Amino acid sequence: MIRVILQDENGIEVGSPVDFPSRMIPALDDDRFKCLRFVDPYGDTVFNHLQMAPLSEDLDLLENSKTDLVDKDAICALKQHI
């Protein structure tokens, strides 16, 4: 699992953390994903406010590729978080 934490510019947590299955992170060489493929499942990954739109597009693409309702629910929870 990857714990997703949204922080403001001062590093203060906004909302509750969301757990996201690491198995759904695309491969690094999957260039369909502009941001999501760069998530490091073993370390911290930070996206800034300019990357939120491409990250949201990545999550839409990922959601459309999944058929499992549990996977879709996890993606939906993350999309609501950002």
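Numbers at a glance
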| item | result |
| --- | --- |
| For the stretch 1-69, with +1 on Lys and Arg beta carbons and -1 on Asp and Glu, the positive-most of Phe20, Leu55, Gln7 along the dipole | Phe20 |
| Helix 52-65 axis, angle to the chain major axis (alpha carbon atoms, nearest 10°) | 30 |
| Sulfur and carbon atoms: percent of accessible area, the chain [1.4 Å] | 51 |
| Check: the chain dipole with +1 on Lys, Arg Cβ and -1 on Asp, Glu Cβ, in debye | 140 |
| Sum of -39500 (n - 2.57) over DSSP H runs of 4+, divided by residues of the chain (222 nm, nearest 500) | -10500 deg cm²/dmol |
| The chain, Rg to Rh (Cα coordinates; Rh as Kirkwood inverse mean 1/r) | 0.93 |
| Total formal charge among the other residues, if their Cβ is under 12 angstrom from that of Ala77, Lys/Arg +1 and Asp/Glu -1 | -2 |
| Label-to-label distance, nm, for residues given as Phe47 and Lys34 (7 Å Cα→Cβ offset) | 1.0 |
| Computed E for Val70/Glu9 - FRET, C-beta separation, R0 25 angstrom, nearest 0.05 | 0.15 |
| Extended-chain gain in nm, criterion 0.36 nm per residue less alpha-carbon gap, Ala77 and Ser22 | 18.4 nm |
| Under 11 Å, Cβ to Cβ, from Lys34 - net charge with Lys/Arg +1 and Asp/Glu -1 | -2 |
| Rounded to 10°, Cα long-axis angle of helix 69-81 versus longest principal axis of the chain | 30 |
| Local electrostatic count at Gln7 - Lys and Arg +1, Asp and Glu -1, tallied over other residues with Cβ under 12 Å | -4 |
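The values are calculated or read from the model by the stated rules, or taken from the named source; none is laboratory data. Values in this document were obtained by computation on a predicted structure and should not be read as measured data. Cβ: placed from backbone, ideal geometry, glycine included. Neighbour counts: every protein chain shown. Side chains are part of the model used for accessible areas, which takes the heavy atoms of the whole protein and leaves out ligands, DNA and RNA. Shrake-Rupley method; radii C 1.70, N 1.55, O 1.52, S 1.80 Å.
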